[in-house]
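A short worksheet on the structure shown next.
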Amino acid sequence: MKVGDLVQRGSRVIEMRKGGKKQNPPKRVGVVIEIHEIPPEMLNGRTDWAKILGRTIHVLWDNGMISKNFSENLLEVISEGR
């Protein structure tokens, strides 16, 4: 994943449920605007969490909202930027 990629929310890390029924993630599309590595001091020596969550991603969604510090592994690339 890199800055400029089009992404949408995936369900690789968590499964969304409402009333006991599996719920699909919203099909909103966004553009990756920033990528940050998780600082080691935030992990408290738990490098296994870094593998599960991935990097932190800032996304500009198609409705104009920005999500900051989104887990990389919750996103799926649908189109690569230039």
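The figures follow:
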{"item": "Hey, Thr47 among the hydroxyl-bearing types (Ser, Thr, Tyr), out of contact with any His (no Cβ under 6 Å at 6 or more places or on another chain) and modelled with pLDDT of 65 or more or not", "result": "yes"}
{"item": "Segment 50-63, subset closer than 16 Å to Val7 by Cβ and either open to solvent by 50 Å² or more (accessible area, probe 1.4 Å) or assigned to a helix (DSSP H, G or I) (or both), residue modelled with the lowest pLDDT", "result": "Leu53"}
{"item": "Residues that are open to solvent by less than 50 Å² (accessible area, probe 1.4 Å), part of a loop (DSSP other than H, G, I, E, B) and either at pLDDT 85 or above or among the hydrophobic types (A, V, I, L, M, F, W, C) (or both), drawn from segment 26-44", "result": "Ile38"}
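The values are calculated or read from the model by the stated rules, or taken from the named source; none is laboratory data. Computed from a prediction, not measured in an experiment: that's the story for all the values here. Please note: Cβ atoms are built from the backbone with ideal geometry, for glycine as well, and neighbour counts cover all protein chains shown. For the accessible areas, the whole protein counts, side chains as well, though only heavy atoms, and no ligand, DNA or RNA atoms are used. Shrake-Rupley method; radii C 1.70, N 1.55, O 1.52, S 1.80 Å.
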